[in-house]
1. Mind scanning Lys237/Lys281; Lys179/Lys237; Lys170/Lys196; Lys235/Lys272 and naming the pairs with a C-alpha gap bigger than 18 Å?
2. Residue farthest toward the positive end of the dipole of the chain, with Cβ of Lys/Arg at +1 and Asp/Glu at -1: which of Ile248, Asn261, Ile205?
3. Sequence-distant or interchain residues sharing an amide H contact under 5 Å with Leu278, placed H: which?
4. Over the Cα atoms of the chain, compute the convex hull volume and normalise it per residue, giving Å³.
5. Pop out the ³J(HN,Hα) list for the stretch 98-103 in order, Karplus 6.51 cos²θ - 1.76 cosθ + 1.60 with θ = phi - 60°, rounded to Hz; leave Gly and Pro as x.
6. Please compare each pair in Lys16/Lys212; Lys78/Lys286; Lys77/Lys224; Lys77/Lys212 to a cut-off of 30 Å on the Cα-Cα distance and tell me which ones are over it.
7. Can you list the HN-Hα couplings for the stretch 21-37, worked out from phi with the Karplus curve (6.51, -1.76, 1.60; θ = phi - 60°), rounded to whole Hz and with x for Gly and Pro?
8. Go through Lys206/Lys284; Lys47/Lys103; Lys191/Lys284 and tell me which ones have a Cα-Cα distance over 28 Å in this structure.
Amino acid sequence: MTGGMIQSLGQRGINKFRKTLNDNYENFRLFILEPFGKKFDLSDWFKRIGNFKQFGIGIATIYLNRVNKDIYPIMNKKTIAALQKLGYNISTTTNFTNYKIVKKIQTELIKEFPILENFYITDALNHFIIAVYKEQWLINCHIQVNSFEDNLEQNEIEQLLSFDITDVDKHELLEQIKKCEKENTEFIIIKGKRVKRCNYLMVKIKEYRGYKCQFCSHEIPKEKGGYYIEACHIKAKCDGGKDTLENILVLCPNCHKLFDNWTHEKEKQTEKEYKVILNGKEYKAKIK
C-alpha cells in the first residue's frame with residue numbers, strides 16, 4: 001500500500017503510520033479486508049478512513065485501486081488537478097461525493113479511449129497531464145509508487161537476511177550479485193517469502209557497498225539496527241538503465257536528490273569508477 005499521506009511524508013510518515021498499526025492493528029486489519037467482502041459498503045468505509053492516522057484519502061483510494069483496478073479509481077490532489085486541466089468542473093474537496101464524480105469522469109475517459117483500460121492506467125494519465133518539469137511531460141506515477149513499494153520490500157528482505165555488515169565476504173557477495181543479475185525470473189523465494197528479484201539484488205548491492213553513501217560517506221543508523229541507504233541508477237531505468245552492479249550507486253537521501261535534480265557535468269564511468277560534477281562539485285564512486 002502506497003500513496004497519499006505516506007507517499008508525501010516519506011520515512012517520517014511511514015513511522016507515524018507504523019505507530020497507527022501498532023496501536024490499532026486488529027481494527028485496521030479488519031478495515032482493509034472489508035473491500036474483499038460481498039457486502040462491502042464503500043460509502044460507510046469512506047466515512048471511517050479518518051479513524052486511522054496517516055491513512056488518508058489518497059492512500060486509501062490507492063489501496064482500493066490495488067484491490068480492483070477495474071472498479072476503484074484513485075483520488076488525490078493530482079487527480080483533481082489533472083481533471084480540472086482537462087476542463088472538468090470538479091471541486092478540490094477529497095470526499096466521497098467527489099470520489100463518485102472522479103469515477104464517473106474516468107469511466108467516460110476509458111470508454112472514449114480504450115487504451116486506458118482501467119483506473120490504474122487512467123491515474124498514470126493524470127500524472128502525465130500535470131507533471132511538467134523543464135518543459136517536458138513526465139509520467140511519474142508508476143515510477144513513484146513502485147519505488148516506494150520497492151523500498152519497503154528491500155527493508156523486508158534485509159530483515160529476512162539479518163546480516164552483519166561488519167562481517168561481509170565481498171568476493172562471495174560479488175558472486176551472489178553476478179548470479180542474481182543473470183537470472184531471468186521476476187520473482188525469487190527468500191526464506192519462504194516471494195520477493196522481486198531486483199529488490200533482492202538492490203539489497204545485495206547495498207550490502208556489497210557497505211550501506212555507506214558513495215558520495216559523502218555518510219551512514220544513517222536505523223533505530224532498530226542496521227543502516228538506511230538508497231539505491232540509485234546511474235542510467236535511469238526509464239532511459240534503458242539496468243539493474244546491475246555497474247549501474248547502481250548507493251547514496252544517502254541528500255546525495256540521491258542531488259544526483260536526480262542537477263545536471264550531470266563531465267560524467268565519466270570506467271569499469272572501476274564513476275565520476276560526475278553536480279552543482280559545481282566533483283563526486284567519485286567506486287564501481288567494483
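1. Lys237/Lys281; Lys179/Lys237; Lys170/Lys196
2. Asn261
3. Tyr283
4. Cα-based convex hull of the chain, divided per residue, equals 163 Å³.
5. My calculation for the stretch 98-103 gives 5, 4, 5, 5, 4, 4 Hz in order.
6. Lys78/Lys286; Lys77/Lys224; Lys77/Lys212
7. 3J(HN,Hα) across the stretch 21-37, in whole Hz: 5, 5, 7, 9, 4, 5, 5, 5, 4, 5, 4, 6, 8, 4, x, 8, x.
8. With Cα atoms farther than 28 Å apart: Lys191/Lys284.
Read-outs throughout are calculated quantities, based only on the coordinates presented, and are distinct from any laboratory measurement. All of these numbers come straight from a predicted model, not from anything done at the bench. Note that each Cβ is placed from the backbone with ideal geometry, even for glycine, and that neighbours are counted across all protein chains shown.
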